[in-house]
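Visitor: Encoded as structure tokens, here's the structure I'll be asking about.
The values are calculated or read from the model by the stated rules, or taken from the named source; none is laboratory data. All values derive from a computational prediction rather than experimental measurement. Cβ: placed from backbone, ideal geometry, glycine included. Neighbour counts: every protein chain shown. We work out accessible area using only protein heavy atoms, side chains counted, and drop any ligands, DNA or RNA first. Shrake-Rupley method; radii C 1.70, N 1.55, O 1.52, S 1.80 Å.
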Amino acid sequence: MELTREEIAAVAERKRAAYEAVIGLEVHVQLKTASKIFCGCSTRFGDPPNSNVCPVCLGLPGSLPVLNRQVAELATRTALAINCQVREQSIFARKNYFYPDLPKGYQISQYDRPLAEHGRLEIHVPTGGAGKKTRKKRIDITRLHLEEDAGKSLHEGLPESEAKTYLDFNRCGVPLMEIVSEPDLRTPEEAYAYLTTLKQVLEYIEVSDCDMEKGSLRCDANVSVRPVGTEKFGVKTEVKNLNSFRYLAKALEYEIDRQVALLESGGRIEQETRLWNTQAGRTEPMRSKEHAHDYRYFPEPDLLPLVMDAAWVEDIRRAMPELPAAKEARFVEHYGLSDYDAEVLTANRALADYFEATAAKAPNAKTAANWIQTELLGALKEAGQEISRSPVPPQALAELLQLVEDGTLSGKMGKTVFEKMFASGKSARAIVAAEKMEQITDAGEIEKLCGEVLAKNADKVEQYKKGKQALFGFFVGQVMKATRGQANPRRVNDTLKKLLG
Ligand SMILES: [Zn+2]
């Protein structure tokens with residue numbers, strides 16, 4: 001039974017709160033290797049169709065696979081980064097199924113002895129409401145295994161009777177890791193946070209470019225619902241084709257509502273694979289869910305077991321770059337940043353590196369953190385630009401902060417100069433010199449300016465002296481106006497106080 005969108009929305013609105021969702025994610029990650037997992041063909045994306053193929057990845061008779069050593073290393077690095085136990089001996093298995101873009105008629109994968117198991121990842125879930133509060137939650141990871149990717153089918157032409165399908169085998173044999181979480185996620189927000197954190201870790205350790213548009217990070221979700229307060233899992237569906245973060249959240253929301261509405265209408269959830277239809281904004285049945293035994297798994301006879309001995313694993317562990325959680329803790333400890341600032345600045349490695357390079361030269365790390373978060377990230381967002389291509393490099397920002405610190409520029413002028421730096425790529429000093437923007441800090445000059453303002457407003461000085469204190473702000477404003485904001489505000493304040501006695 002398939003309900004319409006309207007029927008689902010109507011029931012879900014009333015009954016959604018009575019149910020709890022149970023979500024597990026299966027994430028496929030393309031490893032960043034130059035060559036494929038079992039042959040020497042290039043993994044380059046976007047090459048002409050069928051230009052990166054050989055007898056091994058085309059599955060021609062008599063060809064034999066040889067495991068790419070770097071695949072084992074990158075996958076092990078990932079396993080360690082997500083706190084998995086690496087199996088000393090893992091086994092490749094044949095997963096048998098037919099698909100036009102799978103020329104061998106089976107996929108080499110791992111089954112009952114995967115590379116790694118029993119991992120965990122700590123995620124930050126927004127608590128909603130006002131502020132930027134998050135809560136931490138631990139998500140367990142069932143397993144991480146290796147497999148080869150299939151090719152691509154490209155369908156073209158309508159009507160269907162005249163349609164053609166083209167096959168591109170370039171992607172055949174590109175190395176993949178599949179990372180399977182336990183069903184620990186309870187809301188679309190948690191699933192979103194989990195995928196964000198996982199992607200962040202994968203990017204930090206440089207095992208994948210994680211480009212969802214190119215398909216190097218793909219996500220399927222297992223979803224079921226159960227009445228709040230019960231333990232027993234409901235029947236789950238698998239939702240495929242979640243190739244962006246936005247679709248992941250939307251598809252989960254829809255699928256949870258659909259299951260709630262179906263149960264409330266007396267229907268039954270079918271265990272099936274469903275596809276997220278981006279245009280229609282709904283999940284649609286694709287096929288009934290296959291079971292492991294449908295694939296007739298058996299050990300791959302052409303490959304030896306993968307042996308990750310302790311010394312090799314230790315070498316990989318030693319070469320591990322600093323992970324996001326450790327970096328975040330260090331930013332709080334070493335630079336005195338707030339938890340929130342540290343979380344924002346470690347969101348990706350390029351941003352964290354930018355901050356550290358700025359802080360090394362800037363007069364104050366906390367000021368640098370503030371400027372990066374408000375001025376720089378704001379300007380980058382508006383320009384649709386990545387931090388790695390920022391027109392203001394770290395040392396240029398540090399120089400600007402120095403000018404603000406030593407009083408050459410007021411904070412407000414500094415922001416104006418920053419905008420000009422961002423637009424032109426020029427240095428702060430060059431802009432200040434060219435536009436004569438130095439702050440006026442000379443005591444004699446400020447006293448002269450203040451005196452002029454007071455002389456021009458003798459009537460207001462009279463009122464001030466009779467007790468109209470609020471006029472003080474007016475005098476400050478007049479001096480600032482006369483100097484186009486270039487007078488040092490604190491000195492103007494002090495001088496006016498002195499003159500008004
Ligand atoms: Zn090949």
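Visitor: Identify all residues within region 1-10 that are open to solvent by less than 60 Å² (accessible area, probe 1.4 Å) and either in a helix (DSSP H, G or I) or free of Cβ contacts under 8 Å to residues at least 12 places away in the same chain (or both); write none if there are none. Spell out the reasoning first.
Guide: Step one: of region 1-10, the residues open to solvent by less than 60 Å² (accessible area, probe 1.4 Å) are 3, 8-10.
Correct list: I8, A9, A10.
Visitor: Among the strands (runs of 3 or more DSSP E) lying completely within region 61-175, list those that include at least 2 residues that are at pLDDT 95 or above and open to solvent by less than 10 Å² (accessible area, probe 1.4 Å).
Guide: 92-96, 106-110, 116-126, 134-148
Visitor: Those residues that are in a loop (DSSP other than H, G, I, E, B) and in contact with a Leu (Cβ under 6 Å, 6 or more places away or on another chain), I need them from region 178-219; list them, please. Can you show your working first?
Guide: To start, the set of residues in region 178-219 that are in a loop (DSSP other than H, G, I, E, B) comprises 182-184, 186-187, 205-216.
Within region 178-219, V207, S208, C210 meet the criteria.
Visitor: Separate question: Name the single residue that is surrounded by the most Cβ atoms within 10 Å (Cβ to Cβ) among those in region 36-60 being more than 8 Å from the ligand (Cβ to nearest atom) and closer than 21 Å to Q110 by Cβ.
Guide: Filtering region 36-60 for residues that are more than 8 Å from the ligand (Cβ to nearest atom) and closer than 21 Å to Q110 by Cβ, the one surrounded by the most Cβ atoms within 10 Å (Cβ to Cβ) comes out as I37.
Visitor: Could you go through region 11-30 and let me know if any residue there is open to solvent by less than 70 Å² (accessible area, probe 1.4 Å), among the β-branched types (V, I, T), away from the ligand (no atom under 16 Å from the Cβ) and out of contact with any Lys or Arg (no Cβ under 9 Å at 6 or more places or on another chain).
Guide: yes
Visitor: Touching a residue at least 24 places away in the same chain (Cβ under 8 Å), open to solvent by less than 70 Å² (accessible area, probe 1.4 Å), closer than 17 Å to G414 by Cα and part of a helix (DSSP H, G or I), is that true of A379?
Guide: yes
Visitor: Still on this model: If you take the residues of region 306-329 that are among the β-branched types (V, I, T) and open to solvent by less than 60 Å² (accessible area, probe 1.4 Å), which of them is farthest from the chain's Cα centre (by Cα)?
Guide: Per the stated criteria, the residue is V313.
Visitor: Could you please find all residues in region 204-234 being within 14 Å of the chain's Cα centre (by Cα), of a type in the set (A, V, I, L, M) and open to solvent by less than 10 Å² (accessible area, probe 1.4 Å)?
Guide: Once the filter is applied, which keeps residues that are within 14 Å of the chain's Cα centre (by Cα), of a type in the set (A, V, I, L, M) and open to solvent by less than 10 Å² (accessible area, probe 1.4 Å), region 204-234 yields I205, L217.
Visitor: If you go through region 405-421, how many residues are without any contact (Cβ under 8 Å) to a residue 60 or more places away in the chain and assigned to a helix (DSSP H, G or I)?
Guide: So the answer is 10.
Visitor: Go through region 452-468 residue by residue and tally those that are open to solvent by 50 Å² or more (accessible area, probe 1.4 Å) and part of a helix (DSSP H, G or I).
Guide: Of the residues in region 452-468, 9 are open to solvent by 50 Å² or more (accessible area, probe 1.4 Å) and part of a helix (DSSP H, G or I).
Visitor: Looking at region 34-56, I want the residues that are under 18 Å from S208 (Cβ atoms) and modelled with pLDDT of 95 or more and have a partner that is more than 11 Å from the ligand (Cβ to nearest atom) and open to solvent by 60 Å² or more (accessible area, probe 1.4 Å) with Cβ atoms under 7 Å, at least 6 apart or on another chain. Which pairs are those?
Guide: That search, which allows pairs on different chains as well, returns S42/A34; T43/A34.
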